[in-house]
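The structure appears right after this line, and notes come after that.
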Amino acid sequence: MAIQDVIKGQVTQNRVVLYMKGSPDFPQCGFSANAVQILRACGVEDFASVNVLENPEIRQGIKEYANWPTIPQLYINGEFVGGSDIMTEMFRSGELKKLLEKTAA
């Protein structure tokens, strides 16, 4: 199976997916730690995470999938939301929490 198909499956089969360095309990970079903190502050405890450090194909493939050069990357209901900076802006404005609540229904 092509890596793009694997990624598509991950983002469409899970409501919230965070591609990150490390795991939610042990993030391996500050941006990934920030992304996890934001999701938890929005009340999202149950989300899929993919540690890109464990699979170089996914690490490169996710950058191509969203045409976004950095990790972490957040997907909600199969749609690319953004990286750490965009998540921070959306969190501060309340937009991210509204999006997460809307998609939970």
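On the principal axes of its Cα set, how long, how wide and how thick is the chain? Give whole Å, largest value first.
Taking the Cα atoms of the chain, the three principal extents are 36, 28, 23 Å.
What number comes out for the charge environment of L99, summing +1 per Lys or Arg and -1 per Asp or Glu over other residues with Cβ under 14 Å away?
Working: positive: R15, R92, K97, K98, K102; negative: E79, E89, E95, E101.
Residues close to L99 contribute a combined charge of +1.
Please list, by residue number, every one of the GluC sites (Glu not before Pro) in the range 22-105 that is coil in DSSP and has at most 13 other beta-carbon atoms within 10 Å.
Values: sites: E45, E54, E57, E64, E79, E89, E95, E101; in loops: E45.
Passing both the DSSP loop test and the Cβ count: E45.
Among the DSSP beta bridges whose two residues both lie in the chain, what percent are antiparallel, rounded to the nearest 5? Could the numbers behind the result be given before it?
On the way: 8 of 12 bridges.
Bridges in the chain that DSSP calls antiparallel: roughly 65 percent.
When Lys and Arg each count +1 and Asp and Glu each count -1, what net charge do the other residues less than 14 Å away from D5, Cβ to Cβ, add up to?
Working: positive: K8; negative: E57, E64.
That sum, taken over residues with Cβ under 14 Å, equals -1.
Where a number appears in this text, it was derived from the coordinates with a stated rule and is not lab data. The structure presented is a predicted model; accordingly, all values stated were derived computationally and were not measured. Reconstructed Cβ throughout: ideal geometry from the backbone, glycine too, with neighbour counts over all protein chains shown.
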